[in-house]
1. Determine which member of the set 303, 276, 327, 318 is free of Cβ contacts under 8 Å to residues at least 60 places away in the same chain, open to solvent by less than 60 Å² (accessible area, probe 1.4 Å) and of a type in the set (A, V, I, L, M, F, W, C).
2. Return yes or no: is residue 269 modelled with pLDDT of 95 or more and farther than 25 Å from residue 250 by Cβ?
3. Among the residues of the stretch 337-353, write down those that are buried (at least 22 other Cβ atoms within 10 Å of the Cβ) and within 30 Å of residue 270 (Cβ to Cβ).
4. Restricting attention to the stretch 217-253, and to residues there that are buried (at least 20 other Cβ atoms within 10 Å of the Cβ) and β-branched (Val, Ile, Thr), which single residue is farthest from residue 205 (Cα to Cα)?
5. Checking the condition open to solvent by 20 Å² or more (accessible area, probe 1.4 Å) and closer than 24 Å to residue 167 by Cβ, which residue from 88, 55 passes?
6. Name every residue in the stretch 119-137 that is surrounded by fewer than 21 Cβ atoms within 10 Å (Cβ to Cβ) and either within 16 Å of ligand 1 (Cβ to nearest atom) or in a loop (DSSP other than H, G, I, E, B) (or both), in order of residue number.
7. Considering 77, 115, which residue is open to solvent by 60 Å² or more (accessible area, probe 1.4 Å) and modelled with pLDDT under 95?
8. Condition check: surrounded by fewer than 18 Cβ atoms within 10 Å (Cβ to Cβ) and either outside any strand (DSSP E or B) or modelled with pLDDT of 95 or more (or both). Does residue 256 satisfy that?
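The values are calculated or read from the model by the stated rules, or taken from the named source; none is laboratory data. Note that the structure is predicted; figures quoted are calculated from it, not measured. Backbone-built Cβ (ideal geometry, glycine too); neighbour counts: all protein chains shown. Ligands, DNA and RNA are stripped out before the accessible areas are found, and what is left, the full protein with its side chains, is counted by its heavy atoms. Shrake-Rupley method; radii C 1.70, N 1.55, O 1.52, S 1.80 Å.
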Amino acid sequence: MKTKGAILWGVGEEWSVEEIELGDPKAGEVQVQLAASGLCHSDEHLVTGGTPVAFYPVIGGHEGAGVVTKVGPGVTGLQEGDHVVTAFIPACGQCPPCSKGMQNLCDLGANLLAGTSISDGSYRVQARGKDVIPMCLLGTFSPYITVHQASVVKIEPDVPLEIAALVGCGVTTGWGSATKVADVRPGENVVVMGAGGVGMNAVQGAAAAGAKRVMVIEPVARKREWAMDLGATHVFESAEEATEKVNELTWGRMADKTIITVGDIQGEDIQTALSLTGKGGRAVVTGMGNYANTDVKLSLFELTLLQKDLQGAIFGGLAPRAAIPELLSLYQEGQLKLDELATAKYSLEDVNQGYQDMRDGKNIRGMIVYTDADR
Ligand SMILES: [Zn+2]
Ligand SMILES: [Zn+2]
């Protein structure tokens with residue numbers, strides 16, 4: 001079928017909204033009509049070249065929700081009309097990591113940046129006659145996607161789809177970074193570095209886990225205000241200010257857990273996080289950096305003698321199939337704020353404006369909301 005999509009033709013270019021050809025579902029695949037797609041910072045890494053892909057063009061987007069419109073042969077547990085959220089890590093449930101309870105590290109993720117379909121290694125999207133790589137095997141910057149069943153998670157139909165899209169990436173990543181990977185316990189001091197679409201949910205997760213203090217470092221004033229609304233107890237403009245105040249507040253013990261959720265992580269951020277973390281504490285690296293950046297600064301002396309723990313995290317260490325419905329249920333019970341996160345809505349045509357607003361720090365999460373005009 002013919003539809004539209006936001007395509008990136010090379011590093012440093014703008015998203016080009018143009019006609020695409022979308023294939024029908026093959027074995028194990030479904031077609032989904034999307035209601036919305038989040039504008040996540042990870043797609044910006046395709047623009048800067050920070051995330052390598054096998055080739056361009058790429059269709060962006062990996063945070064979507066919608067309704068199944070077609071079902072391919074061999075699909076189990078999904079039918080037309082089902083409401084689903086996309087998972088940027090596919091989860092097969094059977095590979096060694098999945099079997100060990102680490103669905104966020106499913107082996108099907110191996111081709112995430114090659115873009116070859118799980119089903120048969122071919123491509124479902126073509127633009128200007130060329131194969132297109134779908135970001136994270138999804139490509140939600142289009143009102144329709146054809147994806148493998150491992151890449152979607154069925155949800156209850158009474159959750160608004162525009163809201164449900166948020167838990168496909170940013171919310172779950174932030175929440176799990178605090179509750180699962182940092183393993184925040186009641187009474188702990190927690191620092192969150194960077195209050196964007198991921199960091200705000202690390203704040204919500206840390207607060208829900210019972211942290212005594214949730215202390216946020218964020219240079220943008222409006223985001224510091226939002227962080228306070230979402231559960232932060234203290235906000236600081238810079239790491240220098242935070243280091244001094246955290247030292248004061250904790251009587252020199254510093255944070256039990258520090259979570260790095262800046263959009264484009266640099267090597268120096270590691271030392272900053274470890275300095276903010278006290279003896280026996282843990283620093284969690286959630287933000288993404290440039291794939292070629294191997295230059296990390298840290299005190300090996302402190303790491304050993306103060307027994308600090310430096311831990312990476314993808315998808316907040318959570319299993320998409322368990323976490324996505326669970327977080328939406330928390331939202332329905334009023335225990336997770338999602339409406340407040342979608343601070344601006346855009347049409348597909350305005351995707352570049354959405355990313356400019358992200359760079360300018362104007363949003364927690366900008367959302368593309370699809371209408372018939374896009375389809
Ligand atoms: Zn994302
Ligand atoms: Zn798996």
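1. Testing whether each residue is free of Cβ contacts under 8 Å to residues at least 60 places away in the same chain, open to solvent by less than 60 Å² (accessible area, probe 1.4 Å) and of a type in the set (A, V, I, L, M, F, W, C) leaves just 303.
2. Considered against the rule, which asks whether it is modelled with pLDDT of 95 or more and farther than 25 Å from residue 250 by Cβ, residue 269 comes out as no.
3. In the first step, residues of the stretch 337-353 are kept if they are buried (at least 22 other Cβ atoms within 10 Å of the Cβ); the result is 338, 341, 348, 351.
Within the stretch 337-353, 341 is the sole residue that qualifies.
4. Of everything passing the filter in the stretch 217-253, 246 is farthest from residue 205 (Cα to Cα).
5. Testing whether each residue is open to solvent by 20 Å² or more (accessible area, probe 1.4 Å) and closer than 24 Å to residue 167 by Cβ leaves just 88.
6. If the condition is that a residue be surrounded by fewer than 21 Cβ atoms within 10 Å (Cβ to Cβ) and either within 16 Å of ligand 1 (Cβ to nearest atom) or in a loop (DSSP other than H, G, I, E, B) (or both), then 119, 120, 121, 122, 123, 128, 129 are the ones that fit.
7. On the way: 115 fails: open to solvent by 60 Å² or more (accessible area, probe 1.4 Å).
Testing whether each residue is open to solvent by 60 Å² or more (accessible area, probe 1.4 Å) and modelled with pLDDT under 95 leaves just 77.
8. Numbers: surrounded by fewer than 18 Cβ atoms within 10 Å (Cβ to Cβ): no; either outside any strand (DSSP E or B) or modelled with pLDDT of 95 or more (or both): yes.
Taking the combined requirement at face value, the residue does not satisfy it.
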